[in-house]
1. Checking residue 31 against (1) modelled with pLDDT under 85; (2) closer than 22 Å to residue 154 by Cβ, only one condition comes out false. Which one?
2. Any residue in segment 62-75 that is over 12 Å from residue 202 (Cα atoms) sitting within a Cβ distance under 7 Å of a residue that is β-branched (Val, Ile, Thr) and modelled with pLDDT of 75 or more? List the pairs, counting only those 6 or more apart or interchain.
3. Under 8 Å between Cβ atoms, at least 6 apart or on separate chains: pull out the pairs that start in segment 96-109 with a residue that is free of Cβ contacts under 8 Å to residues at least 60 places away in the same chain and end on any residue that is surrounded by 14 or more Cβ atoms within 10 Å (Cβ to Cβ) and of a type outside the set (Gly, Ala, Ser).
4. Would you please name the residue that is modelled with the highest pLDDT, looking only at residues in segment 95-104 that are assigned to a helix (DSSP H, G or I) and more than 20 Å from residue 226 (Cβ to Cβ)?
5. Report the residue count in segment 195-225 for those that are surrounded by 15 or more Cβ atoms within 10 Å (Cβ to Cβ), within 21 Å of the chain's Cα centre (by Cα), closer than 18 Å to residue 40 by Cβ and modelled with pLDDT of 60 or more.
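The values are calculated or read from the model by the stated rules, or taken from the named source; none is laboratory data. Quick caveat: nothing in here was measured; it's all calculated off a predicted structure. Positions of Cβ are generated from backbone atoms using ideal geometry, with glycine treated the same way; all protein chains shown enter the neighbour counts.
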Amino acid sequence: MALLSPLMAGIASLCSPGPLGGGLVVGLFLAGAAGSTMHCVPMCGGFVLGQVADGMARIPATRLCEWRRITGGALLPYHLGRITTYAGLGALAGLGAGRLPWFATISAALLLLGAVLFLLHVARVLPGLECAPVAWTRFVTLAARRARGGYPLGIALGFLPCGFLYAALATAAASGSPFLGAGAMLAFGLGTAPALIAVGIAGQAAGRRWQRGIAVAAPTVMLLNAALLIVLALRGFAFSL
């Protein structure tokens, strides 16, 4: 029973209505859905289209059909792989931040950092922040080349440096909980999937149409998420004083 207590507490935190409970999960899901059209489609669309083209080339012409085209374009194992990486990173971020001293102040700072990164993303400044050691990028690229199957490839590419991902991780880390951090990043990954699935099924043109379709709503959702994070950060700083 003692071993089940942390698990039950984690499940309860995911379902709680507070801003750092279910609200955090919903907020990152909406941020992922809105930001994916502005960021993931242009940045990761090439990975998706390359996998689809390679998969279609391996299917004999006699076995091609609409169902195979749709399932092949959806790339569900690949998306499941990268979402697995996101959830794992979220768990580590929440666990690590939760063990730091003066966590209330650190949590508020992380929320503020997440808000700033989301605002930079809306302002189209965030892609310039996507930097990482060259050795790390090469390592991830090598792991992706050796991956066999969509799921391992998704896991490997989930580690690529991404400013949009940094913003979500900073927000998830503010929870101080591995369960809530993993749940929040799982929701974020699920939010990024629809736009990329549309690209895989119908091609880059569909991604551009999807992007134009919510071009007005996406920045608004991102700004609202940033505003919420700023309010929570200010409350956290006030509480820690």
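1. (1)
2. Hits for this filter: 75/48; 75/52.
3. 100/106
4. Among residues in segment 95-104 that are assigned to a helix (DSSP H, G or I) and more than 20 Å from residue 226 (Cβ to Cβ), the one modelled with the highest pLDDT is 95.
5. Residues in segment 195-225 being surrounded by 15 or more Cβ atoms within 10 Å (Cβ to Cβ), within 21 Å of the chain's Cα centre (by Cα), closer than 18 Å to residue 40 by Cβ and modelled with pLDDT of 60 or more: 12 in total.
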